[in-house]
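Taking it in order: structure first as structure tokens, then the write-up.
The values are calculated or read from the model by the stated rules, or taken from the named source; none is laboratory data. What you are looking at is a predicted structure, and each value in this text was computed from that prediction instead of being measured. Here the Cβ is made from the backbone with ideal geometry for all residues, glycine too, and neighbour counts use every protein chain on show. Each accessible area value is taken on the protein alone, full model and side chains, heavy atoms only, with ligands, DNA and RNA left out. Shrake-Rupley method; radii C 1.70, N 1.55, O 1.52, S 1.80 Å.
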Amino acid sequence: MKRIRRLQRDESGVASTVGTIMALLVFLTFLSLIVNQYVPVWMKEAEAAHMSSAFGQMAALKGNVDLQILSATTAENAGLPYIPLTTFAPVTLGVDGIPIFTSPTIGELGLRSASSPWTTQFVYSIRGVPQAVNQPSSGRITLDVFNRYFLHQTLIYENGAVVRFQGDGQSIRAEPTLVINIVDDSIELAWTQIGLFGHGSVSGTTTEGIHAGLVGVDRQDYTGLTSDVWINSTTPYGVAWVGFFNRTVADAFGVPRERFNNPLYPGYNYALLANDGVDIATPFYRLRTTWNPQEFSYFLSVQIFNDPNGVNPFVGKVAVFRVQVAFVNIQIADKGALT
């Protein structure tokens, strides 16, 4: 009959087990420190650097279009045929993630040719016959980057301007062409509208491109204006645009902010409206943005007063209004055929 052996205590393996557990705890602690502390900082810096680079790339697109317009007008003034050019602006859509630790940050680039309509309206006289002008244009390019660590931002090229939009505000970072010169009591205006058409959209983290080809430029110099000048638009970025127009026309007419809502200057009023809309009134101009919840956009109205008969001592006469409209064909990612 075999004797049953009793189990005996043996603590010789405890040290190696505890050591393995401690090593795993140290590794997990170090891994947790990387995931929770360093990875967000790295990704935030990477996303911020990408947005700065993307802004430069969108500004390069604006510069390409402006140079094409300049080339076309120079050729026209010299009486030479314009040779169409097609420029290419690379745009990096997103940020590659850190393997194992975090996924990539996706960006989406697209053209909306029917969005953001602009119109310039006024009446001028030809040999005593009034002629109404209604000059339209539309189109915008958006780069929407879905940042997770940095601010969610959208960069927009619209009507010759580059707009930066984020959750806490919007502003025009690269300005369009609007020139206002005051000579004695006369006002000289110059304004450029840019219409975009074409197709294309792409998303991801790769570097894609925007092909821009100027199709034509129409410039007209109008004199004998008998009405005020109106510049209107329906755009989601009305706050940025009204800020640009307010700075530009206020500097041109010499309007300091201290005059608004001041009883000593009854003609100056600044009123806040719903959803960041404003109503800015002066003796020289009026700016207004109102929110349209159905279209999720602002209606922007810029009115520059004109006194053709010299009756109002506070309002000048618009001596000449130079309106330039450019039409640009846009292809995103895949060049295709520029037609």
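Residues Val26, Val179, Val249 ordered from highest to lowest accessible area at a 1.4 Å probe: Val26, Val179, Val249.
Under a 5 Å amide H cut-off, with hydrogens placed 1.01 Å from N, Leu273 pairs with Val278, Asp279 among residues at least 5 apart or on other chains. With all protein chains in place and ligands, DNA and RNA left out, the 1.4 Å accessible area ranks Glu158, Glu76 as Glu76, Glu158, largest first. Among the protein heavy atoms, those of Glu188 account for about 60 Å² of accessible surface (1.4 Å probe, every chain in place).
Converting phi to 3J(HN,Hα) with the Karplus coefficients 6.51, -1.76 and 1.60 and the offset θ = phi - 60°, segment 278-292 yields 9, 9, 10, 10, 9, x, 9, 7, 9, 10, 8, 10, 10, 7, 10 Hz in sequence order, with x at every glycine or proline. In the elastic network of the chain, a GNM with C-alpha springs shorter than 10 Å, the most mobile of Leu151, Leu111, Leu28 is Leu28. A probe of 1.4 angstrom, applied to the heavy atoms of all protein chains, finds Phe305 with accessible area near 50 square angstrom.
Per-residue ellipticity at 222 nm computed for the chain from its helices equals -8000 deg cm²/dmol, with DSSP H segments shorter than 4 residues left out and the rest contributing -39,500 (n - 2.57).
Taken one residue at a time, the phi angles of segment 143-148 give Karplus couplings (6.51, -1.76, 1.60, θ = phi - 60°) of 10, 9, 10, 8, 5, 10 Hz. Gly and Pro are set to x.
Estimated at 0.36 nm per residue, the fully extended path between Ala48 and Asp184 surpasses their Cα-Cα distance by 44.2 nm.
With a 1.4 Å probe rolled over the protein heavy atoms of all chains, the accessible area of Trp291, Trp42, Trp230 falls in the order Trp42, Trp230, Trp291, largest first. Applying the Karplus relation 6.51 cos²θ - 1.76 cosθ + 1.60 with θ = phi - 60° to segment 59-66 yields 3J(HN,Hα) values of 5, 5, 4, 4, x, 4, 5, 4 Hz, where x marks Gly and Pro.
Taking the solvent-accessible surface of protein heavy atoms with a 1.4 Å probe, what is the per residue accessible area of the chain in Å²?
Details: 18550 Å² over 339 residues.
I get 55 Å² per residue for the chain.
Please work out how much length the chain gains when fully extended from Met22 to Ser125, using 0.36 nm per residue of separation minus the C-alpha to C-alpha distance, in nm with one decimal. Working shown, then result.
On the way: separation 103, 0.36 × 103 = 37.08 nm, distance 8.95 nm.
Difference between extended and current length: 28.1 nm.
Here's how it looks for Gly209: its modeled amide H is under 5 Å from those of Val91, Ala333, which are all 5 or more places away or on a different chain. Label positions at Thr74 and Ser171, each projected 7 Å from the Cα along the C-beta direction, are separated by 3.2 nm.
If you take the Cα centroid of segment 177-212 and the Cα centroid of segment 48-90, the two points sit 10 Å apart. In the context of the full protein assembly, Val202 retains an accessible surface of approximately 30 Å², using a probe radius of 1.4 Å and ignoring ligands and nucleic acids.
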